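Undergrad: To start, I am sharing the structure in question, which I have written as structure tokens.
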Amino acid sequence: MAGAAPTTAFGQAVIGPPGSGKTTYCLGMSEFLRALGRRVAVVNLDPANEGLPYECAVDVGELVGLGDVMDALRLGPNGGLLYCMEYLEANLDWLRAKLDPLRGHYFLFDCPGQVELCTHHGALRNIFSQMAQWDLRLTAVHLVDSHYCTDPAKFISVLCTSLATMLHVELPHVNLLSKMDLIEHYGKLAFNLDYYTEVLDLSYLLDHLASDPFFRHYRQLNEKLVQLIEDYSLVSFIPLNIQDKESIQRVLQAVDKANGYCFGVQEQRSLEAMMSAAVGADFHFSSTLGIQEKYLAPSDQSVEQEAMQL
């Protein structure tokens, strides 16, 4: 029927550990999408989120509050947050009633930062699964702090967490290295940026860890973790600075390709634009190199000198 709201909706489930920039991402991405002409609805699924900087279309705080749960059940913040997600899962009719009037909008779901919810607890995954049955096509956008790249041990930990999240959430997935403008505030990168974004040969990280007396004792454990990551060969990252429009555009292109929005009927697109998204015509290496030149200080050593140090 002419003028009817589209039945299929698209959106992003923004996940990641606490402090990785999920709420800031939702603010920046919503402003960017509105500038492109998309109708955006930001949904806050984090009951611990206070003082939201964006205009919130749906707030889970109207259904359940973290403070009330902690007081009533004598739970800590972690247990209280898990209970809130289980309560939302048990009351999905409330969420659907809130989302149905917003059909035709592009959704941004600001999710809790509890790592367990994305690695082994089932509530959030079940909520996403139910949304899929409502014909809501989501892409999981997983944010991690880029400065973890400066520490080989932390970077391996981030890879393990990202892999576990990808396998557990069961959604099309885009991993982001957030806060790229702060990447070297905690130390220098041992390798070029594309080594971390493409997750290249991780044996070089093992060599870095072997130089540390503490991690030398855990070399076999680290080797097994690296082998697991490389066997799956699923994890890669897109660098993001939410203040940089070019950076946001690269992320949006990957997200639209993942959830199928670029092939939808909600926006008129030329065949050339759709084929560009399909084949990934934006050369990732070139864009990563440009980001490295923009945010990373140039190294005083040549590649040969760095190799000799290794």
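Undergrad: Mind checking which residues of the range 133-166 are of a type outside the set (Lys, Arg) and without any contact (Cβ under 8 Å) to a residue 12 or more places away in the chain? Give the steps one after another, and end with the answer.
TA: So the first thing to find is which residues in the range 133-166 are of a type outside the set (Lys, Arg), and the list is 133-136, 138-153, 155-166.
Once the filter is applied, which keeps residues that are of a type outside the set (Lys, Arg) and without any contact (Cβ under 8 Å) to a residue 12 or more places away in the chain, the range 133-166 yields 133, 148, 157.
Undergrad: Can you find even one residue in the range 80-97 that is small (Gly, Ala, Ser), surrounded by fewer than 14 Cβ atoms within 10 Å (Cβ to Cβ) and under 28 Å from residue 133 (Cα atoms)? Can you show your working first?
TA: Start the filter on the range 80-97 by keeping residues that are small (Gly, Ala, Ser), which leaves 80, 90, 97.
Next, only the ones that are surrounded by fewer than 14 Cβ atoms within 10 Å (Cβ to Cβ) stay: 90, 97.
Within this subset, residues satisfying the condition of being under 28 Å from residue 133 (Cα atoms) are 90, 97.
There is at least one residue in the range 80-97 that is small (Gly, Ala, Ser), surrounded by fewer than 14 Cβ atoms within 10 Å (Cβ to Cβ) and under 28 Å from residue 133 (Cα atoms).
Undergrad: Residues in the range 110-122 that are of a type outside the set (Val, Ile, Thr), surrounded by fewer than 20 Cβ atoms within 10 Å (Cβ to Cβ) and assigned to a helix (DSSP H, G or I): how many?
TA: The number of residues fulfilling the criteria is 1.
Undergrad: Further question: So is residue 24 out of contact with any Gly (no Cβ under 6 Å at 6 or more places or on another chain), in contact (Cβ under 8 Å) with a residue 60 or more places away in the chain and over 21 Å from residue 142 (Cβ atoms) or not? It would help to see each step written out before you state the result.
TA: Values: out of contact with any Gly (no Cβ under 6 Å at 6 or more places or on another chain): yes; in contact (Cβ under 8 Å) with a residue 60 or more places away in the chain: yes; over 21 Å from residue 142 (Cβ atoms): no.
Spelling it out, it is not the case that residue 24 is out of contact with any Gly (no Cβ under 6 Å at 6 or more places or on another chain), in contact (Cβ under 8 Å) with a residue 60 or more places away in the chain and over 21 Å from residue 142 (Cβ atoms).
Undergrad: Can you find a residue that is at pLDDT 90 or above and either assigned to a strand (DSSP E or B) or open to solvent by 50 Å² or more (accessible area, probe 1.4 Å) (or both) anywhere in the range 185-195?
TA: no
Undergrad: Might you let me know whether the range 42-56 holds any residue that is among the β-branched types (Val, Ile, Thr), at pLDDT below 95 and in contact with a Leu (Cβ under 9 Å, 6 or more places away or on another chain)? Give the derivation first.
TA: Of the residues in the range 42-56, the ones among the β-branched types (Val, Ile, Thr) are 42-43.
Keeping just the survivors that are at pLDDT below 95 gives none.
No, the range 42-56 has no match at all.
Undergrad: Would you mind finding the one in 137, 125 that is farther than 22 Å from residue 54 by Cα and in contact with a strand residue (DSSP E or B) (Cβ under 7 Å, 6 or more places away or on another chain)?
TA: On the way: 125 fails: in contact with a strand residue (DSSP E or B) (Cβ under 7 Å, 6 or more places away or on another chain).
The unique qualifying residue is 137.
The values are calculated or read from the model by the stated rules, or taken from the named source; none is laboratory data. As the structure is a prediction and not an experimental result, all values here were calculated from the model. Every residue, glycine as well, gets a Cβ built from its backbone with ideal geometry; the counts of neighbours run over all protein chains shown. Side chains included, ligands, DNA and RNA excluded: accessible areas come from the protein's heavy atoms. Shrake-Rupley method; radii C 1.70, N 1.55, O 1.52, S 1.80 Å.
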